[in-house]
Amino acid sequence: MVRSGKIAVFLQARIGSTRLPSKTLLQLGSMSTVSNAMARLKKINADYHVLLTDKESFEVLEKEALQCGFDIMEGPADDVIKRFTIAIEKYNPYVFIRATADNPLVFYKEAELILGKHLEKNADHSWFLGMPLGAGVEIVKAEKLLEAESLTSDPYDREHVTPYLYKNSEKYMLNHLKAPEEICYPEGRITMDTLIDYNYLKEIFDLQQDITKDTVKLVKWLKQNPHPDMKKC
């Protein structure tokens, strides 16, 4: 992996949620949802691991972050792109990995793989296509997000952080690659947004065999045990 500067893992999380209140603190196995995400992301070789939250959530999440070896900082609740640019200005990474606390089973090995491909290509934005929803991360060149934040006033861009980059493919070097075949399952869903998601994730974490540590085995299990919303299709 060719490193041109410091690398940060930025995990966005807050306790406010309308569909599933305080979902970041719901228990999965022996830890909360957000702590599961941090424990996995901490395995990524980076210079900084930081939980980005808002003022309302800071006090609640601070203990969780510190226990997992993460820094924590606060920023705007709804203007999430601004939260990220504040973090960029504070930590000054060359590249950052964007992850969300909705994803307690984030694929950290694949995150390192796409990070390496991002650095090799000197891309502005990278991710793997085709992994289960909730498995992936985004790799972003920090200076390009600072530029995007200054150029977009679209509420969707500001809430979802990176859309301005990939909506303007003529301006930015996008490195969007198909995921390795053994983990490619776009129909899969391991994110947490609803009570149905939470119960499905609990089923995975409660399995006697610990497939959460092996992404290939986990994807095989997902194919054999589809998310309840998939069964309705």
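The table for this structure:
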read-out	value
Residue in segment 176-191 that is without any contact (Cβ under 8 Å) to a residue 40 or more places away in the chain and over 27 Å from Q27 (Cβ atoms) present	yes
Considering residues of segment 81-122 that are under 12 Å from the mean Cα position of the chain (by Cα) and of a type in the set (V, I, T) only, the residue nearest to P180 (Cα to Cα)	V106
Residue within segment 209-217 that is polar (S, T, N, Q) and modelled with pLDDT of 95 or more present	yes
Enumeration of residues in segment 186-218 that are more than 22 Å from S35 (Cα to Cα) and of a type in the set (V, I, T)	V216
Helices (runs of 4 or more DSSP H) wholly inside segment 87-170 containing at least 1 residues that are in contact (Cβ under 8 Å) with a residue 24 or more places away in the chain and crowded, with 23+ Cβ neighbours inside 10 Å	108-121, 142-151, 163-167
Scope segment 171-181; condition in contact with a Gly (Cβ under 8 Å, 6 or more places away or on another chain) and in a loop (DSSP other than H, G, I, E, B); matching residues	A179
Flag for V60 being in contact with a His (Cβ under 9 Å, 6 or more places away or on another chain) and either under 27 Å from I183 (Cβ atoms) or surrounded by fewer than 17 Cβ atoms within 10 Å (Cβ to Cβ) (or both)	no
Verdict on M38 being in contact with a Cys (Cβ under 7 Å, 6 or more places away or on another chain) and either part of a helix (DSSP H, G or I) or surrounded by fewer than 23 Cβ atoms within 10 Å (Cβ to Cβ) (or both)	yes
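The values are calculated or read from the model by the stated rules, or taken from the named source; none is laboratory data. The structure presented is a predicted model; accordingly, all values stated were derived computationally and were not measured. Cβ sites come from the backbone with ideal geometry, for glycine too, and all protein chains shown count toward neighbours.
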